[in-house]
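Report on one structure; see the data block that follows.
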Amino acid sequence: MIMICPGCSCLCDDVYIKEGKVFNACRRGKEIFAKYNENRAVARVDGREVDVDTAIEKAVEILKEAKNPAIYGLDTTVVEAQKIAIDVAEKLNGYIDDNSSFCLGELVEAVLKGEMPTTTLDEVRDNAYVLVYWGTNPYHSLSRHLSKYTYYPRGKKRPRGYDEDRFLVVVDVRRSETAVLAKKNARFIRVDDDAELVDSFVKVVEGKAAKYAKDAGVIINEMKRADFNVIFGGLGLKYGLKDLNQFKEMVKKLNEVAPVYFIPAGFHGNMRGFNETLFERVGHVNKYSFRDGKSDEEFAFTELLKNEKIDAALIVGTDPVYSLPFEVSSKLGKINTIVVDPRMSFTARIADVVIPSAISGVEAGGTMVRSDGVRVKLEPLEEKEVNDVYILNKIKEGL
Amino acid sequence: MALNPMDIYKLLPKTNCKKCGEATCMSFAFKLLNREKKLEDCKPLYEDKKYERQRKKLEEMLKPLEEATETGLIVDESLCTGCGNCVVVCPVHVEKDPKGAAVGNGPTIDDPILRVEDGVVKVINMQACRRYGKNRVLCVVCRENCPSDAIRFLEG
């Protein structure tokens, strides 16, 4: 049976399991399928084991009593569950946020608002010539990105493969594993300041001198040779630039001389799904307050926690105790925490209420959105009744 | 570390005694690397006590030869992340599997040379490799595009 791997936003669609072996998935993807039964969460209220319904009832009680509740996570669950979570946040008049507020949310927002031309990975495979990986090392974060969608596969208009029909550019502060692959027909640019390189591209298009004029000149000349070029922007780009508008301007400027598209490099399995779902509802991609009716930096879950603005948190499918700095995550101990997670995560161990869920893509079906915005339907290996949709629906009904 | 015949030669007796059937120790070193000869064929190395240290060094040095496949390919699974670059770049796969590995998917043929299984690359059908058999070519594309150095060849 062909499965969709929910491990990252590549959502690889050629993974299959045969005779107990996982085929074609990368190391991370394999772990999801092979170890899905390990370290499973059990329903808990205040450390005591209870049944699922009691845990849900207690969760509803906490959320009802809360003055400033927040919902956080949701990047690994399906769009259907994300929609219900947004309903719950609206009903509670509370905050909702996901990991994208410190991940690539800003870049996804720019794409959704149409500020940069975008395309799909399938189009990239068939047509793209110059591929720029800017501030991202897919070797670690998206193992199969290069081999499945971008650099290595042969496409309809690019039948000769990577050594003749593609031009790889890697922009990074260090010689990453991906940068090592930039050999023939390729370029690696080590940057100290991303803004300088952005500036160089703009200046070279205008015919002026700049710090990286030589590299930028070569790349722009290569871009002019093709009718399809693409930039993949990662966290290095987001945190390297103080002002993303500069980058948007650069993409616009490059489009004056050659067609250049932009795709956010990649993130959690369904982060873009959350961004799109919230964007459709309220016009913002993350850190949204239903009470204030707007999105703001101060409504990011990390800021809310740090500034002690919330008194209850519903955390779905993420592990802030593991992933956030201690000074932020330690504040979770002061508030009522409800965790909906298939695994007994670190956060689940300190939570007031734990509701065990199903792993999306393995035990629960639904829709996920790939990093390029393509919607992918997930079929479960074995259907589990108590999944994120069921739990969030129950909470919604209870409020 | 890549093996080269010169390093092997340096540890041989260098007497050109011809007991192994080769004209020179240098040619014996080449044959050792190609696995046409075995270290045991060098009689003085085992009979003469003064060569004992050299012999032990050689045995250590030639260990990867036993792990390597017939074409000299060595896969270190502990380094592999399963990115599948090697599977997609392999020219033999492109020719035999135009709808699978050639366009970036997992191989759809039954006997690919390499396949990602359980998150790491496995050698399935070495005979199909261009480095195999009489008309072999020294193709190294899979190694060239391995970002984690999990693939290497005996010659380096």
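Throughout, read-outs are computed from the coordinates displayed, never taken from laboratory work. These figures come from a predicted structure and were not determined experimentally. Ideal geometry is used to build each Cβ from the backbone, glycine not excepted, and the neighbour counts take in all protein chains shown.
Straight-distance candidates among the aspartates and glutamates for linking to A:LYS91, with alpha-carbon spacing under 19 Å and chain neighbours fewer than 8 residues away dropped: A:GLU57, A:GLU61, A:GLU65, A:GLU80, A:GLU280, A:ASP292, A:ASP311, A:ASP388, A:GLU397. Ranked from largest, the principal axis spans of the Cα set of the range B:5-67 equal 29, 23, 18 Å. Overall, the range A:241-399 carries a charge dipole of about 260 debye about its Cα centre when +1 sits on the Cβ of Lys and Arg and -1 on the Cβ of Asp and Glu, all other atoms neutral.
For the range B:73-153, what class follows from the C-alpha gyration tensor (a ≥ b ≥ c being the square roots of its eigenvalues): rounded when a/c is under 1.5, otherwise prolate if a/b is larger than b/c, else oblate? Oblate shape, in that a/c is at least 1.5 and b/c is the bigger or equal ratio. Bridgeable lysines around B:LYS38 (alpha carbons under 30 Å apart, same-chain partners fewer than 8 residues away excluded): B:LYS10, B:LYS14, B:LYS18, B:LYS19, B:LYS49, B:LYS50, B:LYS56, B:LYS57, B:LYS63, B:LYS122, B:LYS134.
Counting neighbouring beta carbons within 10 Å and listing from fewest to most, the residues B:HIS93, A:HIS145 come out as B:HIS93, A:HIS145.
List the trypsin sites (Lys or Arg not before Pro) within the range B:82-156 that fall in a DSSP loop (any state other than H, G, I, E or B) and whose Cβ has at most 13 other Cβ atoms within 10 Å. Sites meeting the loop and neighbour criteria: B:LYS99, B:LYS134, B:ARG136. Pairs of Lys residues in the range A:209-289 that lie 8 or more places apart, or on two chains, and have C-alpha atoms under 20 angstrom apart add up to 15.
Across all Cα atoms of the range A:105-264, the radius of gyration (one decimal) and Dmax (whole number) stand at 14.3, 39 Å. Residues whose amide H comes within less than 5 Å of that of A:VAL340, counting only those at least five positions distant or on another chain, are A:ILE315, A:VAL316, A:GLY317, A:ILE355 (H built at 1.01 Å from N in the peptide plane). Using C-alpha pairs below 8 Å separated by at least 6 residues, the relative contact order for the range B:5-67 is 30 percent. When the trypsin sites (Lys or Arg not before Pro) in the range A:241-295 are filtered for DSSP coil states and for at most 13 other beta-carbon atoms within 10 Å of their beta-carbon, the remaining sites are A:LYS242, A:ARG291.
How big is the charge dipole of chain A about its Cα centre, in debye rounded to the nearest 20, if each Lys and Arg gets +1 on its Cβ and each Asp and Glu gets -1 on its Cβ?
The calculated dipole for chain A is roughly 1460 debye.
Comparing the protein assembly as shown with the 2.2 N^0.38 Å rule of thumb, its C-alpha radius of gyration ratio is 1.14 (two decimals). Using all pairs of distinct alpha-carbon atoms, the Kirkwood hydrodynamic radius of chain B works out to 17.2 angstrom. Ranking A:VAL42, A:ALA300, B:VAL141 by Cα position along the charge dipole of the protein assembly as shown, where only Lys, Arg, Asp and Glu carry charges on their C-beta atoms, puts B:VAL141 farthest toward the positive end. To the nearest ten degrees, helix A:244-257 and the longest principal axis of the Cα atoms of chain A are 40 degrees apart. Using the Karplus relation 6.51 cos²θ - 1.76 cosθ + 1.60 with θ = phi - 60°, the per-residue 3J(HN,Hα) values for the range A:343-353 come to 10, 7, 6, 4, 5, 4, 5, 9, 6, 6, 10 Hz, with x marking Gly and Pro.
A straight line joining the Cα centroids of the range A:271-314 and the range A:330-345 runs 18 Å. For the range B:33-118, the set of GluC sites (Glu not before Pro) satisfying both a DSSP loop assignment and a count of at most 11 other C-beta atoms within 10 Å is given as B:GLU36.
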